[in-house]
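Here's the structure we're looking at; comments come further down.
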Amino acid sequence: MEASVIYTHYDYLDLAPGASTARIEAAYAQVLERFGYGGADIEQDMGGLVRMIHAAYETLSDPHKRRHYDEELAREAALADAELKSVLDQPAGIWQRFQDAPMALQQMLRQLAA
């Protein structure tokens with residue numbers, strides 16, 4: 001099973017979820033400075049990392065958008081917790097899916113199927 005890492009707006013600005021508005025503004029400036037971006041660069045790099053940092057700032061600096069974003073994060077966390085609980089509650093046994101089998105066994109089965 002392949003794990004993926006999901007970054008939140010808080011991660012992009014290196015903030016804790018309870019950060020104040022002043023802390024958000026300071027973190028935004030620090031992150032841009034850390035990567036060497038100025039005001040003009042934000043407009044030039046809207047397809048990359050600066051775009052994601054700017055989107056994080058736009059969301060977290062607006063109280064309404066931030067509340068909605070935090071609610072969505074909480075919903076996603078609850079769903080992920082429920083999914084993990086259901087997987088952990090399953091009885092141990094043979095692999096549930098092909099991709100859960102050891103890589104050597106997967107390769108051998110692919111060769112036999114070919």
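See the values below:
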quantity: Residue within region 24-33 that is more than 20 Å from the chain's Cα centre (by Cα), surrounded by 10 or more Cβ atoms within 10 Å (Cβ to Cβ), modelled with pLDDT of 75 or more and of a type in the set (A, V, I, L, M) present; calculated: yes
quantity: Subset of region 10-23 [in a helix (DSSP H, G or I) and under 14 Å from the mean Cα position of the chain (by Cα)]; calculated: Tyr10, Asp11, Tyr12
quantity: Qualifying helices (runs of 4 or more DSSP H) (wholly inside region 36-105; at least 2 residues being at pLDDT 85 or above and surrounded by 12 or more Cβ atoms within 10 Å (Cβ to Cβ)); calculated: 49-61, 63-88
quantity: Unmet criterion (only one of (1) surrounded by 10 or more Cβ atoms within 10 Å (Cβ to Cβ); (2) among the hydroxyl-bearing types (Ser, Thr, Tyr); (3) modelled with pLDDT of 90 or more) for Ser20; calculated: (1)
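The values are calculated or read from the model by the stated rules, or taken from the named source; none is laboratory data. Every value quoted in this text rests on a predicted model; they were computed, and no experiment measured them. Quick reminder, even Gly has a Cβ in these numbers, built from the backbone with ideal geometry, and neighbours come from all protein chains shown.
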